[in-house]
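Colleague: Questions regarding the structure given below will be posed in turn.
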Amino acid sequence: MSSTVPTTPPPEGPAAESAPGYRPGRTLPLRVEALRQWKRRRTLVMGAVLAALPFVLIAAFAIGGAGDGDRDGRVTLLDTATTSGANFAATCLFVSAGFLLVIPVALFCGDTVASEAGWSSLRYLLAAPVPRSRLLASKLVVALGYSAAAMVLLPLVALAAGTVAYGWGPLQLPTGGSVPAGDALFRIAIAVAFVFASQLVTAGLAFWLSTRTDAPLGAVGGAVGLTIVGNVLDAVTALGDWRDFLPAHWQFAWVDALQPQLEWGGMVKGTAISLTYALVLFALAFRGFARKDIVS
């Protein structure tokens, strides 16, 4: 004789808060979200693209050679790319910071929430129940973590590949003189940190849009598009001093780290402006998502 045992559905909503063993802070751990995002194809593809760029540039320099300066005879960072591994890493950062490195930041931060809504899995995460603030915080931390990893991956691969191709040596400065190899690593690390800080505005835009739409492409494309608009506005010299309030105006301030004397002024101003915009956008994302009707 068999008997059936009635099952009780798991508590949801306010009742879950009083359920034995339920702890909001332990829902959706960071390691779980990080593993979920790591298994996404777009993560692997983006990592492969960033890791391949230094080898593409090495092939390009092997075919066409390094530059000989501009029309006025001034030496640029590109002209010193084949001098040493440190110079090659700095060159890779220079050619990618303006646009290429915007893509992974917009992708990781813009796809994270919108993709769950697109898959109709967002409501199930919230019914687990995962508090909304906890869900957003976990996704934001992981997205920023992968964005930072993308920023570090490119110069690391470039430094290793450039050292093999061009040797280990001091960082030759376009303005003249050089920085010892050990100090050059510190300077490049500062530059990478600032590039990441300057991209926080794109991260904020993408994350905010990700909470407003169910279309990941719309969030990613919107963030990239608005970043491009910022670059266009910065090119309008008629705006005068108003350009100082545009994050794009300071995006190449990291070049000050590659001067004979390390200059902090531009990087400090750029970081402050980027953080201000980013914090406002992150706050808007959390505020809007807390009141949003989740139907997908």
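Colleague: Determine whether Y146 is more than 25 Å from Q259 (Cα to Cα), modelled with pLDDT of 85 or more and open to solvent by 20 Å² or more (accessible area, probe 1.4 Å).
Modeller: yes
Colleague: Of all residues in the range 238-264, which are of a type in the set (A, V, I, L, M) and either part of a helix (DSSP H, G or I) or on the phi > 0 side of the Ramachandran plot (or both)?
Modeller: From the range 238-264, those of a type in the set (A, V, I, L, M) are 238-239, 246, 248, 253, 255, 257-258, 262; that's our starting set.
Selection gives A238, L239, A248, A253, V255, A257, L258.
Colleague: Going through the range 184-200 one residue at a time, which ones are surrounded by fewer than 19 Cβ atoms within 10 Å (Cβ to Cβ) and either farther than 13 Å from A90 by Cβ or in contact with a His (Cβ under 6 Å, 6 or more places away or on another chain) (or both)?
Modeller: Across the range 184-200, the qualifying residue is only A193.
Colleague: Considering only the range 149-179, how many residues are in contact with a strand residue (DSSP E or B) (Cβ under 8 Å, 6 or more places away or on another chain) and either surrounded by 19 or more Cβ atoms within 10 Å (Cβ to Cβ) or farther than 10 Å from A86 by Cα (or both)? Steps first, answer last, please.
Modeller: Residues of the range 149-179 in contact with a strand residue (DSSP E or B) (Cβ under 8 Å, 6 or more places away or on another chain): 170-173, 178-179.
From the residues that got through so far, the ones that are either surrounded by 19 or more Cβ atoms within 10 Å (Cβ to Cβ) or farther than 10 Å from A86 by Cα (or both) too are 171-173, 178-179.
Counting residues in the range 149-179 that are in contact with a strand residue (DSSP E or B) (Cβ under 8 Å, 6 or more places away or on another chain) and either surrounded by 19 or more Cβ atoms within 10 Å (Cβ to Cβ) or farther than 10 Å from A86 by Cα (or both) gives 5.
Colleague: Hey, could you check the range 87-125 for residues that are assigned to a helix (DSSP H, G or I) and open to solvent by 30 Å² or more (accessible area, probe 1.4 Å) and say which is modelled with the lowest pLDDT?
Modeller: Once the filter is applied, the top-ranked residue is Y124.
Colleague: Within the range 42-86, which residues are closer than 18 Å to L100 by Cβ, open to solvent by 40 Å² or more (accessible area, probe 1.4 Å) and at pLDDT below 85?
Modeller: The answer is L78, and nothing else.
Colleague: For the range 201-242, name all the residues that are open to solvent by 40 Å² or more (accessible area, probe 1.4 Å) and of a type in the set (D, E).
Modeller: Hits for the range 201-242 are D214, D241.
The values are calculated or read from the model by the stated rules, or taken from the named source; none is laboratory data. Everything quoted here is computed from the prediction, not taken from an experiment. Here the Cβ is made from the backbone with ideal geometry for all residues, glycine too, and neighbour counts use every protein chain on show. The area values use the complete protein model at the heavy-atom level, side chains included, leaving out ligands, DNA and RNA. Shrake-Rupley method; radii C 1.70, N 1.55, O 1.52, S 1.80 Å.
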